[in-house]
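Before any comments, here is the structure.
The values are calculated or read from the model by the stated rules, or taken from the named source; none is laboratory data. Computed from a prediction, not measured in an experiment: that's the story for all the values here. Backbone-built Cβ (ideal geometry, glycine too); neighbour counts: all protein chains shown. Calculation scope for accessible area: heavy atoms of the full protein, side chains included, ligands and nucleic acids excluded. Shrake-Rupley method; radii C 1.70, N 1.55, O 1.52, S 1.80 Å.
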Amino acid sequence: MDTTGPTDRAAAAAPACAPAYRVAPGGTLRGSVQAPGDKSISHRAIMLGALADGATPVTGFLEGADSLATLAAFRAMGVRIDGPEQGRVLIRGVGRDGLAAPTAPLDVGNAGTAMRLLCGLLAGQRFASTLIGDASLSRRPMRRVTEPLARMGAAIEGTEAGTAPLVISPAPALAAIHYDMPMASAQVKSCLLLAGLYARGETCVTEPAVTRDHTERMLTTFGCPVRRAGATVCVQGGSRLRAAPVQVPADISSAAFFLVGASIADAADLTLPGVGINPTRIGVLSILEAMGARIEITNRRDCGAEPVADIRVQSAPLHGIEIPAEQVPLAIDEFPALFIAAACAEGETLLTGAAELRVKESDRIAVMAAGLAQLGVSAEVLPDGIRIRGVGQHGRLGGGTIDSHGDHRIAMAFAMAALRAEAPILVRDCENVRTSFPGFAALAAGAGLGIEEHDA
Ligand code: S3P
């Protein structure tokens with residue numbers, strides 16, 4: 001069974017002098033902000049590019065620690081990769097069976113996507129490998145991937161708690177399965193589809209709710225047929241991939257902090273160009289709009305296999321809502337930011353059906369509730385969600401010191417909260433912001449947030 005790591009252990013693991021943000025109260029966000037490349041798509045570009053026949057040029061690649069960890073893992077398996085240079089990467093694919101045995105454990109740092117997707121991909125190789133990660137990733141549940149992979153015939157050993165290190169032994173041959181996913185997880189789905197490329201027969205995954213479909217889209221772009229029937233998606237074992245250019249859109253999960261920041265600040269007017277608006281990722285837009293946000297989506301176009309648009313957001317009086325269940329997986333990474341919107345809204349916001357938030361980079365329900373309490377906002381922790389009573393259009397958040405528990409999205413969410421605070425907010429332990437959003441503080445400062453980064 002998946003286990004939830006207590007957040008106090010996360011705090012204990014935090015380095016003594018990680019960078020912190022000191023954010024002045026008030027201010028606004030104006031102008032244009034180019035959010036960095038999409039993290040999910042960047043990981044997948046490296047993985048599929050490495051397995052493809054031919055060279056894959058990537059633009060807009062996220063030069064964050066998570067996607068760089070994936071890049072390093074493939075270099076360690078003999079894949080030649082040029083870059084990254086200003087988001088450009090050239091992956092010289094080695095073909096489906098061309099990876100070389102790594103000589104040391106593959107360390108993917110804080111990156112859950114890297115560990116879970118690689119686990120599936122490595123399960124089908126003819127060599128042994130070991131996946132390791134940082135303290136936070138080493139607490140996160142991995143049985144959700146190792147159990148279905150074992151059903152396919154994979155030989156993977158984790159710890160007794162079902163966590164990394166994951167020691168993967170070569171399996172004679174994987175067999176295709178049809179897996180009914182117990183949780184809505186794009187990482188589990190993608191892991192099994194990647195393993196399915198190495199299995200005999202057709203591997204199918206049925207999802208309980210729609211989750212991000214970047215793997216399916218990119219496999220199709222790489223000439224690998226993906227069959228979809230309702231909630232089930234299937235790949236054929238033995239399929240080969242053909243290199244194809246990948247353009248990575250700006251990450252809506254990173255844009256989310258600015259969407260919330262501009263919604264809660266006074267007199268804000270901000271545009272975020274070229275943001276990915278894949279329908280499986282736009283829960284944050286739907287939820288903010290339902291709360292009364294002023295969001296304009298223009299210049300819709302395709303960026304390779306992914307739709308993108310420019311998003312303009314202006315200040316608006318927000319009101320609390322009951323978040324619709326089907327929106328939860330579509331906004332799963334955006335809840336730390338959305339909880340800040342809820343804290344500034346009029347009335348109550350209720351989220352349920354989101355127990356997955358407890359096994360992210362931190363327990364995002366507990367850590368956000370603790371931070372909101374620091375700012376004087378009433379937040380009731382529920383087993384699978386949270387109830388937040390907002391301060392309303394004319395209300396202000398308090399100031400104070402927030403512990404991000406090493407979680408990048410918690411750190412950025414509370415930095416934005418200062419736009420509606422009456423006293424400075426100090427956010428501790430912000431080192432991991434570099435996993436998804438290198439340069440966040442400078443970019444936010446450029447748009448008007450009174451943020452300063454310093455060693456705490
Ligand atoms: C991701 C899937 C989601 C998300 C994560 C990235 C992906 O995780 O939270 O940040 O790239 O597939 P789950 O599959 O655990 O929901």
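Quick notes on this one:
- Summed over the stretch 399-422, residues that are open to solvent by 10 Å² or more (accessible area, probe 1.4 Å) and closer than 15 Å to Ala342 by Cα total 1.
- Taking the listed residues Arg151, Arg217, Arg200, the one that is within 14 Å of the ligand (Cβ to nearest atom) and basic (Lys, Arg) is Arg217, with no other qualifying.
- Residue within the stretch 235-256 that is touching a Pro at 6+ places or on another chain (Cβ under 8 Å), without any contact (Cβ under 8 Å) to a residue 60 or more places away in the chain, closer than 23 Å to Thr349 by Cβ and not in a helix (DSSP H, G or I) present: no
- The lone exception for Lys189 - which of (1) under 20 Å from Asn278 (Cβ atoms); (2) within 16 Å of the ligand (Cβ to nearest atom); (3) of a type outside the set (A, V, I, L, M, F, W, C); (4) open to solvent by 30 Å² or more (accessible area, probe 1.4 Å) it fails: (4)
- Within the stretch 407-433, the set of residues being touching a helix residue (DSSP H, G or I) at 6+ places or on another chain (Cβ under 6 Å) and part of a loop (DSSP other than H, G, I, E, B) comprises Cys430, Asn432.
- Consider the stretch 209-223 and keep the residues that are crowded, with 22+ Cβ neighbours inside 10 Å and under 16 Å from Ala50 (Cα atoms). The one that is farthest from the chain's Cα centre (by Cα) is Phe222.
- When Arg364, Arg387, Arg434 are checked against the criterion of being in contact with a Leu (Cβ under 7 Å, 6 or more places away or on another chain), within 16 Å of the ligand (Cβ to nearest atom) and either more than 21 Å from Ile264 (Cβ to Cβ) or of a type outside the set (Asp, Glu) (or both), Arg364 stands alone in meeting it.
- Every residue from the stretch 171-190 that is part of a loop (DSSP other than H, G, I, E, B) and modelled with pLDDT of 95 or more: Ala176, Ile177, Met181, Pro182, Met183, Ala184, Ser185
- Ala69 satisfies every condition listed in (1) buried (at least 19 other Cβ atoms within 10 Å of the Cβ); (2) away from the ligand (no atom under 16 Å from the Cβ); (3) outside any loop (DSSP other than H, G, I, E, B) except (2).
- For the residues Leu372, Leu382, the requirement of being surrounded by fewer than 18 Cβ atoms within 10 Å (Cβ to Cβ) and closer than 23 Å to Ile332 by Cβ singles out Leu382.
- Condition check for Pro165: under 22 Å from the mean Cα position of the chain (by Cα), within 16 Å of the ligand (Cβ to nearest atom) and open to solvent by 50 Å² or more (accessible area, probe 1.4 Å): no
- Scope the stretch 245-260; condition within 16 Å of the ligand (Cβ to nearest atom), open to solvent by less than 10 Å² (accessible area, probe 1.4 Å) and not hydroxyl-bearing (Ser, Thr, Tyr); matching residues: Pro249, Ala250, Asp251, Ile252, Ala255, Ala256, Phe257
- Some residue of the stretch 5-28 being of a type in the set (S, T, N, Q) and at pLDDT below 95: yes
- Cβ-Cβ under 9 Å pairs, at least 6 apart or on other chains, the stretch 380-400 side more than 23 Å from Arg358 (Cβ to Cβ), far side of a type in the set (Lys, Arg): Val391/Arg420; Gly395/Arg420; Arg396/Arg420; Leu397/Arg420
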